[in-house]
């Protein structure tokens, strides 16, 4: 823009109005983009699986924290942790829930535990190693044919 044109715009007051509009649009664009970026980091991909028996749900809190929760009321978002973190897979029928837990690394290796939950009595058996898990499944008559993986989001889980 030439100096002569700029002087004409300033004299007419249009330059000030034009700059105010440009600044306002820039601020709105920056605010919109930054809020979308922040939303993407907080809670993206979190879900809960409500189809368990009794008052239990599986919650994905974040990528490193998936846990079994005893809920106060289904779908209301509050409860107490029963097993977690990190549940990699689970199974359930009308009464029992079984979860695989990887609580973290120890001596360079990941530990793996199992928990068996009776939703009718509230009994929680675990952490169990492979032998304890097999014994508890035999005692309760549990026959797991297929585990439900927590990654990717299980079918039936809701955001």
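Here, each number is a calculation from the coordinates, and none is a lab measurement. Keep in mind the model is a prediction, meaning the values are calculated, not measured. We place every Cβ from the backbone using ideal geometry, glycine too, and count neighbours over all the protein chains shown.
Would any residue of the stretch 140-159 have its amide N under 20 Å from a label point 7 Å out along Cα→Cβ of residue 81? List them or say none.
So the set is 150-151.
So for 68, 149, 52, 128, fewest C-beta neighbours within 10 Å to most, what's the order?
On the way: 68 24, 149 13, 52 21, 128 18.
With the fewest neighbours first, 68, 149, 52, 128 line up as 149, 128, 52, 68.
How big is the Kirkwood radius of the stretch 47-149, worked out from every pair of different alpha carbons and given in Å to one decimal? Before the final figure, lay out each step's value.
Values: mean 1/r = 0.0724 Å⁻¹.
About 13.8 Å, per the Kirkwood formula over Cα pairs.
What's the exposure ranking of 90, 113, going from fewest to most Cβ atoms within 10 Å?
Numbers: 90 25, 113 17.
Ranked by crowding around the Cβ, least crowded first: 113, 90.
Please arrange 158, 99 by counting, for each residue, the other beta carbons lying within 10 Å of its beta carbon, fewest first. Can you show the working numbers first?
On the way: 158 10, 99 28.
Listing 158, 99 from fewest to most nearby Cβ atoms yields 158, 99.
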